[in-house]
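The values are calculated or read from the model by the stated rules, or taken from the named source; none is laboratory data. Everything quoted here is computed from the prediction, not taken from an experiment. Positions of Cβ are backbone-derived with ideal geometry, glycine not excepted, and every protein chain shown enters the neighbour counts. We work out accessible area using only protein heavy atoms, side chains counted, and drop any ligands, DNA or RNA first. Shrake-Rupley method; radii C 1.70, N 1.55, O 1.52, S 1.80 Å.
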Amino acid sequence: MRRSHFLLTFTPFLAGLPALALQSSEDDRIYDQVRIRMVSDRDVKGGALKVEVKDGVVTVSGLVENEKARRKVEKLAKKVKGVKSVVNQTKVK
């Protein structure tokens, strides 16, 4: 009886683990692609920008040189496959 109670309690949780792992690896892939685009762009020069990804939503924060770079941050992130939306919290120095 005790074992079946344990299985009934944790089975729904365990069933969701593969989905969590897939989303996490997708977020990791998105993070890598966004960082590559930011760092390699001559306008953005994104080495010092902070990038976070949660369920396909990319949040970028930090300081950029000008308004053009601020707009480009969002544009670059949106081009990455799997990005659902971008929260641009960058500020112009």
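Excluding ligands, DNA and RNA, what is the solvent-accessible area per residue of segment 27-86 at a probe of 1.4 Å, expressed in Å²? The partial results should precede the final answer.
Numbers: 3630 Å² over 60 residues.
For segment 27-86, the solvent-accessible area averages 61 Å² per residue.
ASP41's amide H: which non-local residues (gap 5+, or another chain) put their own amide H closer than 5 Å, with H modeled 1.01 Å from N in plane and none for Pro or chain starts?
Under 5 Å from the amide H of ASP41: GLY46.
Mind listing the long-range amide H neighbours of VAL64? Cut-off is under 5 Å, sequence gap 5 or more, other chains count too, H placed in the peptide plane at 1.01 Å from N.
Sorted by chain and number, the residues that satisfy this are LYS91, VAL92, LYS93.
At 0.36 nm per residue, minus the direct Cα-Cα distance, what do LYS91 and LYS50 gain on full extension? Give it in nm, one decimal, please.
Numbers: separation 41, 0.36 × 41 = 14.76 nm, distance 1.19 nm.
Length gained between LYS91 and LYS50: 13.6 nm.
Probe radius 1.4 Å, ligands and nucleic acids ignored: give me the carbon and sulfur share of the accessible area of segment 40-90 as a rounded percent. Mind showing how you got there, number by number?
Values: 1430 of 3070 Å².
The C+S portion of the solvent-accessible surface of segment 40-90 is 47 percent.
I'd like the Karplus ³J(HN,Hα) series for segment 77-87: coefficients 6.51, -1.76, 1.60, θ = phi - 60°, whole numbers in Hz, and an x wherever there's a Gly or Pro.
5, 5, 6, 6, 4, x, 6, 8, 7, 10, 9
Please sort by residue number the trypsin sites (Lys or Arg not before Pro) in segment 31-64 whose DSSP state is loop and whose Cβ has at most 16 other Cβ atoms within 10 Å. Mind showing how you got there, number by number?
Working: sites: ARG35, ARG37, ARG42, LYS45, LYS50, LYS54; in loops: ARG42, LYS45.
Loop-located and lightly packed - ARG42, LYS45.
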